[in-house]
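K.L.:
Here's a structure for you.
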């Protein structure tokens with residue numbers, strides 16, 4: 001059984017919480033004591049029906065105010081797959097939460113109210129999903145019960161969204177007409193929408209092919225930790241521990257270690273239980289042994305002799321700014337973490353700020369504030385071993401950290417390395 | 001070529017990545033170990049993360065003094081077998097030294113007293129990162145907590161001011177006196193834990209399996225009769241076949257009726273149950289809807 005991480009974004013009005021509640025409820029992942037607890041709270045608040053949103057709103061402030069303020073994680077399992085839901089609020093002021101939830105997702109569900117059609121918020125969610133390169137996008141056209149399960153309504157939403165999506169980079173786009181409230185096409189097929197021939201939402205989640213989403217072409221191994229037991233028994237053991245960030249690694253591969261550029265061959269790839277693997281791929285945590293004794297330490301990158309990332313101090317990147325206390329502008333100096341490497345970065349050039357509702361570029365803008373996204377050029381104190389985010393979500397991403405407060409203030413996706 | 005990890009391998013790789021990252025970036029980490037199944041898994045993962053080298057940090061038990069004897073025996077044997085270094089932060093010692101005051105009465109819990117003892121141990125040993133076995137599926141406040149959970153100089157958690165956590169790029173930067181709680185198995189469920197225990201043939205204390213015990217019903221839970229916990233006059237003691245789903249302080253951890261004596265039977269039982277593990281068996285989470293959130297803000301695990 002494999003694992004699918006999915007991101008959901010939206011507001012209570014879209015029926016998002018009802019949809020998640022429905023997935024959890026119908027897959028028998030809600031426990032009786034949880035249900036009793038939310039029934040009690042719903043009654044206390046005078047809600048008309050059991051408010052499934054309370055399942056995901058875990059903090060006191062969220063329950064009291066009836067809002068979601070953070071990324072909530074939910075888990076459910078079917079006989080086919082295990083699912084991790086990263087559930088985030090959809091309002092524009094929570095763009096940073098959405099970006100956070102999207103960063104690790106294999107699939108995003110965008111909810112559209114069939115009565116309202118494609119609105120600004122739907123476009124924004126689609127844009128963030130494509131910016132973060134979530135490989136699979138599902139548009140759930142919800143509240144079909146309120147438009148008499150009309151096929152034409154569904155088709156017109158589909159057409160409008162698909163048209164907009166051509167401006168984005170969405171590799172896999174699926175539309176499903178649903179009613180989360182009544183359960184149509186969530187787990188069970190809708191009895192009323194016989195015109196829809198596709199999969200139910202859960203069936204799609206169980207079947208969508210994710211095995212080829214990761215980069216299997218460019219071997220990248222950021223060294224995380226050097227294991228040197230210094231015991232009699234393992235006197236000569238020198239293992240490079242880390243998580244494979246791309247490609248396939250196997251014994252006999254000719255490798256180069258960056259930044260030194262020294263070359264060697266892989267002697268063995270050890271799994272965490274110490275057994276020798278015939279091959280390993282992302283995102284496996286392994287320990288790599290080399291034929292030769294090289295000077296390799298944390299922050300270095302092991303790659304193939306004939307397939308190497310760019311070694312660069314200059315990055316062109318899209319950045320989502322996440323700080324309410326400061327802005328990102330030319331001259332801003334920050335700490336940067338890229339793979340297992342920390343450095344300092346300075347903003348050399350501010351290219352544009354993006355209006356994330358219309359996708360138009362504001363080239364006159366000079367700074368990014370909280371929840372804004374834009375393109376900048378960075379110069380780092382040390383070389384980074386980077387690929388574009390399009391090529392590899394791990395070696396193409398970085399975070400920016402405020403050196404005074406230590407808070408994570410920016411998320412970056414590398415567009416070019418020169 | 002198979003290129004998709006099974007969900008258990010994925011979770012294992014993710015946890016090992018986190019543990020190695022902490023060992024590389026923090027100066028003085030420690031691993032919180034209670035002898036419960038979740039901390040047993042974190043210890044197992046940590047040993048794997050650095051093999052064949054020994055664990056590069058000590059393990060610490062915050063001991064309420066109200067223990068199941070089997071669990072302490074298990075703890076000491078695990079420490080000996082793995083060659084780990086154990087630090088015990090004792091609630092009883094803190095009470096004896098007059099540093100903290102115990103609530104009186106037959107229903108007094110020591111659970112809350114763990115927090116000042118834990119925080120003092122962190123200060124004394126100058127720990128800057130503490131691994132814990134908390135999982136997000138346990139409780140709704142935990143569902144919102146980061147893998148790297150920042151604590152200020154008072155050990156407090158600020159749920160609304162958490163750092164964004166993106167990709168696998170963890171930010172452990174902090175000032176002296178502040179620290180991080182690290183939760184490598186955040187994304188595991190109770191069932192994932194049991195599957196992993198079975199697949200890896202990891203031993204857990206026997207109280208997790210069905211056994212006969214003198215118990216009495218209080219607040220809808222079967223509590224065990226121990227030297228620390230005696231029933232009120234109107235509470236009837238019965239001998240029942242029970243097992244524990246969680247192991248905490250013996251005075252607030254309830255058992256469930258069960259005939260599951262093997263891991264496979266436990267997995268079957270957990271897969272079929274309709275009650276969450278903390279809902280079924282933890283008095284400490286029942287005091288209020290936001291009991292866990294409030295404890296965590298003060299510095300609890």
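The values are calculated or read from the model by the stated rules, or taken from the named source; none is laboratory data. Just so we're clear, the structure is a prediction, and the values are computed from it rather than from any experiment. All Cβ positions, glycine included, derive from the backbone under ideal geometry; neighbour counts span all protein chains shown.
K.L.:
For the stretch A:319-342, which positions are away from chain B (no Cβ under 13 Å) and surrounded by fewer than 23 Cβ atoms within 10 Å (Cβ to Cβ)?
P.N.:
A:326, A:327, A:329, A:330, A:331, A:332, A:333
K.L.:
Additional query: Within the stretch A:259-280, can one find any residue that is surrounded by fewer than 15 Cβ atoms within 10 Å (Cβ to Cβ), under 19 Å from residue B:23 (Cβ atoms) and within 9 Å of chain B (Cβ to nearest Cβ)?
P.N.:
Yes - at least one qualifying residue is present in the stretch A:259-280.
K.L.:
Is it the case that residue B:15 is in contact with a helix residue (DSSP H, G or I) (Cβ under 7 Å, 6 or more places away or on another chain) and within 14 Å of another protein chain (Cβ to nearest Cβ)?
P.N.:
Yes: the conditions hold for residue B:15.
K.L.:
Going through the stretch B:56-95 one residue at a time, which ones are within 14 Å of chain A (Cβ to nearest Cβ) and either within 27 Å of residue B:209 (Cβ to Cβ) or surrounded by fewer than 20 Cβ atoms within 10 Å (Cβ to Cβ) (or both)?
P.N.:
Matches in the stretch B:56-95: B:56, B:83.
K.L.:
Hey, any hits in the stretch A:52-73 for a residue that's facing another protein chain (nearest Cβ under 8 Å), modelled with pLDDT of 85 or more and either surrounded by fewer than 18 Cβ atoms within 10 Å (Cβ to Cβ) or not in a loop (DSSP other than H, G, I, E, B) (or both)?
P.N.:
yes
K.L.:
Oh, and also: Kindly provide the set of residues from the stretch B:159-179 that are closer than 24 Å to residue A:34 by Cα and in contact (Cβ under 8 Å) with a residue 12 or more places away in the chain, ordered by number.
P.N.:
Matches in the stretch B:159-179: B:159 only.
K.L.:
Could you identify the single residue in B:182, B:202 that is more than 9 Å from every other protein chain (Cβ to nearest Cβ), buried (at least 23 other Cβ atoms within 10 Å of the Cβ) and on the phi < 0 side of the Ramachandran plot?
P.N.:
B:182
K.L.:
Scan the stretch A:329-357 for residues that are part of a loop (DSSP other than H, G, I, E, B) and free of Cβ contacts under 8 Å to residues at least 24 places away in the same chain and jot them down.
P.N.:
A:331, A:332, A:355
K.L.:
Looking at the stretch A:145-182 only, could you name the residues that are farther than 28 Å from residue A:359 by Cβ, surrounded by fewer than 17 Cβ atoms within 10 Å (Cβ to Cβ) and touching a residue at least 40 places away in the same chain (Cβ under 8 Å)?
P.N.:
A:151
K.L.:
Output the number of the condition that residue B:25 fails; it satisfies all remaining conditions of (1) within 30 Å of residue B:120 (Cα to Cα); (2) touching a helix residue (DSSP H, G or I) at 6+ places or on another chain (Cβ under 9 Å).
P.N.:
Unmet condition: (2).
K.L.:
A further question on this structure: When you scan the stretch A:83-100, do you find a residue that is surrounded by fewer than 22 Cβ atoms within 10 Å (Cβ to Cβ), part of a helix (DSSP H, G or I), out of contact with any strand residue (DSSP E or B) (no Cβ under 8 Å at 6 or more places or on another chain) and at negative phi, even just one?
P.N.:
Yes, the stretch A:83-100 contains a residue that is surrounded by fewer than 22 Cβ atoms within 10 Å (Cβ to Cβ), part of a helix (DSSP H, G or I), out of contact with any strand residue (DSSP E or B) (no Cβ under 8 Å at 6 or more places or on another chain) and at negative phi.
K.L.:
Another question about this same structure. Look at residue B:62 and say whether it is farther than 26 Å from residue B:93 by Cβ, at pLDDT below 95 and in contact with a helix residue (DSSP H, G or I) (Cβ under 7 Å, 6 or more places away or on another chain). Talk me through it step by step, then tell me what you get.
P.N.:
Numbers: farther than 26 Å from residue B:93 by Cβ: no; at pLDDT below 95: yes; in contact with a helix residue (DSSP H, G or I) (Cβ under 7 Å, 6 or more places away or on another chain): yes.
No.
K.L.:
Go through the stretch B:148-177 and give me each residue that's more than 17 Å from residue A:401 (Cα to Cα) and within 10 Å of chain A (Cβ to nearest Cβ).
P.N.:
Of everything in the stretch B:148-177, those that are more than 17 Å from residue A:401 (Cα to Cα) and within 10 Å of chain A (Cβ to nearest Cβ) turn out to be B:159, B:160.
K.L.:
I've got another one for you. Tell me, which residue of the stretch A:101-125 that is more than 18 Å from the chain's Cα centre (by Cα) and in a helix (DSSP H, G or I) is surrounded by the most Cβ atoms within 10 Å (Cβ to Cβ)?
P.N.:
To start, the set of residues in the stretch A:101-125 that are more than 18 Å from the chain's Cα centre (by Cα) comprises A:112-121.
Filter once more, so that each one left must be in a helix (DSSP H, G or I): A:120-121.
Values: A:120: 11, A:121: 22.
So the residue we want is A:121.
K.L.:
Filtering the stretch B:279-291 down to residues that are surrounded by 18 or more Cβ atoms within 10 Å (Cβ to Cβ) and more than 9 Å from every other protein chain (Cβ to nearest Cβ), which residue is modelled with the highest pLDDT?
P.N.:
In this case the residue turns out to be B:291.
K.L.:
Of the conditions (1) over 19 Å from the mean Cα position of the chain (by Cα); (2) under 13 Å from residue B:263 (Cβ atoms), residue B:203 fails just one. Which one is it?
P.N.:
All conditions pass for residue B:203, except number (1).
K.L.:
Now for a separate question. Look through A:179, A:190 and report the one residue that is touching a helix residue (DSSP H, G or I) at 6+ places or on another chain (Cβ under 6 Å) and either assigned by TED's automatic domain parsing to the domain that holds residue A:249 or modelled with pLDDT of 90 or more (or both).
P.N.:
A:179
K.L.:
Is it the case, given these coordinates, that residue B:140 is within 11 Å of another protein chain (Cβ to nearest Cβ), farther than 30 Å from residue A:335 by Cβ and crowded, with 20+ Cβ neighbours inside 10 Å? Can you show your working first?
P.N.:
Details: within 11 Å of another protein chain (Cβ to nearest Cβ): yes; farther than 30 Å from residue A:335 by Cβ: yes; crowded, with 20+ Cβ neighbours inside 10 Å: yes.
Against the criterion (within 11 Å of another protein chain (Cβ to nearest Cβ), farther than 30 Å from residue A:335 by Cβ and crowded, with 20+ Cβ neighbours inside 10 Å), residue B:140 qualifies.
K.L.:
Residue B:41 - would you say it is crowded, with 24+ Cβ neighbours inside 10 Å, touching a helix residue (DSSP H, G or I) at 6+ places or on another chain (Cβ under 7 Å) and away from chain A (no Cβ under 12 Å)? Can you show your working first?
P.N.:
Values: crowded, with 24+ Cβ neighbours inside 10 Å: yes; touching a helix residue (DSSP H, G or I) at 6+ places or on another chain (Cβ under 7 Å): yes; away from chain A (no Cβ under 12 Å): yes.
So residue B:41 passes the test.
K.L.:
Given the criterion within 12 Å of chain A (Cβ to nearest Cβ) and modelled with pLDDT of 95 or more, identify the matching residue among B:23, B:30.
P.N.:
B:23
K.L.:
Name the single residue that is farthest from the other protein chains (Cβ to nearest Cβ) among those in the stretch B:120-131 being in contact (Cβ under 8 Å) with a residue 60 or more places away in the chain and farther than 21 Å from residue B:20 by Cβ.
P.N.:
If we filter the stretch B:120-131 for residues that are in contact (Cβ under 8 Å) with a residue 60 or more places away in the chain, which is where we start, we get B:121, B:125-131.
Among the residues that remain, those that are also farther than 21 Å from residue B:20 by Cβ are: B:121, B:125-126.
Working: B:121: 23, B:125: 22, B:126: 18 Å.
By that ranking, first place goes to B:121.
K.L.:
Now for a separate question. Tell me which of these residue B:192 doesn't satisfy, since it passes every other one: (1) over 28 Å from residue A:401 (Cα atoms); (2) touching a residue at least 40 places away in the same chain (Cβ under 8 Å); (3) outside any helix (DSSP H, G or I).
P.N.:
Status for residue B:192: all satisfied but (3).
K.L.:
Among A:394, A:381, which is more than 14 Å from chain B (Cβ to nearest Cβ) and either closer than 23 Å to residue A:297 by Cα or without any contact (Cβ under 8 Å) to a residue 12 or more places away in the chain (or both)?
P.N.:
Details: A:394 fails: more than 14 Å from chain B (Cβ to nearest Cβ).
Exactly one of A:394, A:381 is more than 14 Å from chain B (Cβ to nearest Cβ) and either closer than 23 Å to residue A:297 by Cα or without any contact (Cβ under 8 Å) to a residue 12 or more places away in the chain (or both), namely A:381.
Per-residue answers, yes or no, for (1) assigned by TED's automatic domain parsing to the domain that holds residue B:66; (2) outside any loop (DSSP other than H, G, I, E, B); (3) without any contact (Cβ under 8 Å) to a residue 40 or more places away in the chain; (4) touching a helix residue (DSSP H, G or I) at 6+ places or on another chain (Cβ under 9 Å):
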site	(1), (2), (3), (4)
B:100	yes, no, yes, yes
B:104	yes, no, yes, no
B:109	yes, no, no, yes
B:115	yes, yes, no, yes
B:118	yes, yes, no, no
B:133	yes, no, no, yes
B:143	yes, yes, yes, no
B:149	yes, yes, yes, yes
B:155	yes, no, no, yes
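K.L.:
Inside the stretch A:343-358, can you point out the residues that are within 22 Å of residue A:126 (Cα to Cα) and surrounded by fewer than 14 Cβ atoms within 10 Å (Cβ to Cβ)?
P.N.:
Filtering the stretch A:343-358 down to residues within 22 Å of residue A:126 (Cα to Cα) leaves A:352-358.
Once the filter is applied, which keeps residues that are within 22 Å of residue A:126 (Cα to Cα) and surrounded by fewer than 14 Cβ atoms within 10 Å (Cβ to Cβ), the stretch A:343-358 yields A:357, A:358.
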